[in-house]
1. Check whether at least one residue in the stretch 153-167 is open to solvent by 20 Å² or more (accessible area, probe 1.4 Å) and farther than 25 Å from E375 by Cα, and report yes or no.
2. Among the residues of the stretch 451-463, are any open to solvent by 60 Å² or more (accessible area, probe 1.4 Å), within 27 Å of T225 (Cβ to Cβ) and modelled with pLDDT of 85 or more?
3. Can you find a residue that is basic (K, R), closer than 23 Å to F259 by Cβ, touching a helix residue (DSSP H, G or I) at 6+ places or on another chain (Cβ under 7 Å) and open to solvent by 20 Å² or more (accessible area, probe 1.4 Å) anywhere in the stretch 425-445?
4. (1) hydrophobic (A, V, I, L, M, F, W, C); (2) modelled with pLDDT of 90 or more; (3) out of contact with any Cys (no Cβ under 9 Å at 6 or more places or on another chain): which one isn't true of V487, the others all being true?
5. In this structure, is K270 within 28 Å of D451 (Cβ to Cβ), basic (K, R) and modelled with pLDDT of 95 or more?
6. Quick check on S484: is it part of a helix (DSSP H, G or I) and outside the structural domain of L298 (by the TED database)?
7. Which numbered condition in (1) open to solvent by less than 70 Å² (accessible area, probe 1.4 Å); (2) in a helix (DSSP H, G or I) is the only one that P177 fails?
8. Can you find, within the stretch 119-146, the residue that is modelled with the lowest pLDDT among those that are open to solvent by 60 Å² or more (accessible area, probe 1.4 Å) and not aliphatic (A, V, I, L, M)?
Amino acid sequence: LPALPLRPAGSMSVVEHVREMAAAGLHSNVRLLSGLLLTMSGNNPELFSPSQKYQLLVYHADSLFHDKEYRNAVSKYTMALQQKKALSKTSKVRPSTGNAASTPQSQCLPSEIEVKYKMAECYTMLKQDKDAIAILDGIPSRQRTPKINMMLANLYKKAGQERSSVTSYKEVLRQCPLALDAILGLLSLSVKGAEVASMTINIIQSIPNLDWLSVWIKAYAFVHTGDNTRAINTICSLEKKSLLRDNVDLLGSLADLYFRAGDNKNSILKFEQAQMLDPYLIKGMDVYGYLLAREGRLEDVENLGCRLFNISDQHAEPWVVSGCHSFYSKRYSRALYLGAKAIQLNSNSVQALLLKGAALRNMGRVQEAIIHFREAIRLAPCRLDCYEGLIECYLASNSIREAMVMANNVYKTLGANAQTLTLLATVCLEDPVTQEKAKTLLDKALTQRPDYIKAVVKKAELLSREQKYEDGIALLRNALANQSDCVLHRILGDFLVAVNEYQEAMDQYSIALSLDPNDQKSLEGLQKMEKEESPTDATQEEDVDDMEGSGEEGDLEGSDSEAAQWADQEQWFGMQ
């Protein structure tokens, strides 16, 4: 086959046409033409110069990448790099000029560094992180662009190589001092806020209206050290500044911090505020959906899930929200499947791990649940709910010693606040020997935060064991003075039954059901009241037993009618 004249005088070569189409974003056209030209080149190796073959392979691989055919793209990128290597060996790389003088456009070959970056992107999409690290590690440090350093930093962090991750994040900041996600990466790896701030001080001083950045760094330094109160105060001070008022990211961070601090009411308010400002917001909506589900607002959760799926089904959040709806509807197998799907989309989704872990725990698969809660703790060491899930698993399997060790570690690591005190007290309540210690811890927690629902619930549980019903009623009335919570109203109903205040008990059960129509225990309490004019001692005892172990998540036990339907669709989270 004779070689075709690829570059008539005064016109572009066919490879340059491919390059122009690639630059114009005509990926499907590039794929078709480059595929045909590569076949021609295979049948007649003399048809294109080595540099032209390299270009065709790269443009063809780029079009495959655009079509999300990542394995195929990797194979073509690998062939392109081999072609480039051969090209470098034979001669100094120069563009093929054909029959005409070279043009500026024909002088630039696709960057070998860029090809390696695209290969790494393919590997990450294929969940082959080790291969992605290997290909980027092969690029000499001086030739690494900011995006290469950023990808390396994230991959190192995920692989647990913290020192290498810190080095790469710092290199990103050296090249781009306003790379805020790199700043967050450093703070998450325990680099001091002052050290991070020192890397941005010159840019802050040289550009007007950037004085907020040092406060921003300070705020997120508090976030990553688990100091929720100071983080909230610092972000609030930023948010009040007129130039940063109504910033969706700051509002989302505030909502998440309130959630971590156990202030669910303010968390929901901030999420709603952020959602009103940006109706397409996805980040943080998994936590928002979980909070709504906890409050029994399942219709709102269902609507939120539908809205998020309409925005994007390629993010974990819609699947988690839908999973929360299933979980709180006691459809645990379906919740398990949805949690697994969310993890498949984002293996770093803490909320997805917690959802799947909770579903596994409630299905009696405690050891599998423990794996998920441990991974959640690894990803979010400052989030108390991750530890709560793991401790609940230990208690469910009667591993009180392990639960006690973990609760003590959390208490020491995250400090003595109402949440950690209550968590430690929860474990102490499981052992008759440590009942008095539990009482002391709960009193301390309630001194710090009299309205902390979990502490109130556990103190009520302790008082019910001691049959101090009047004290329990006073505690619950005090807690309900400034808030309304289904579980508190239900437990107050239980206590009122114990002191023969049947009418008010019915009122409390009714209020609880108005807050959460799916609360089975309130419904049972109300039905008993309606059936029996004066409950027997046995009924009273049963009511008190019902209350034991109840908390904000006290309604999670139940059967799963969809187990068979979803069993075949479960996907498993595998620890590497």
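1. no
2. no
3. yes
4. That leaves (2) as the condition not met.
5. For K270, the condition - within 28 Å of D451 (Cβ to Cβ), basic (K, R) and modelled with pLDDT of 95 or more - is met.
6. no
7. (2)
8. K127
The values are calculated or read from the model by the stated rules, or taken from the named source; none is laboratory data. This is a predicted model, so every value here is computed, not measured. Because the Cβ atoms are built from the backbone with ideal geometry, glycine has one as well, and the counts that use them run over all protein chains shown. Surface areas here come from the heavy atoms of the whole protein model, side chains and all, with no ligands, DNA or RNA. Shrake-Rupley method; radii C 1.70, N 1.55, O 1.52, S 1.80 Å.
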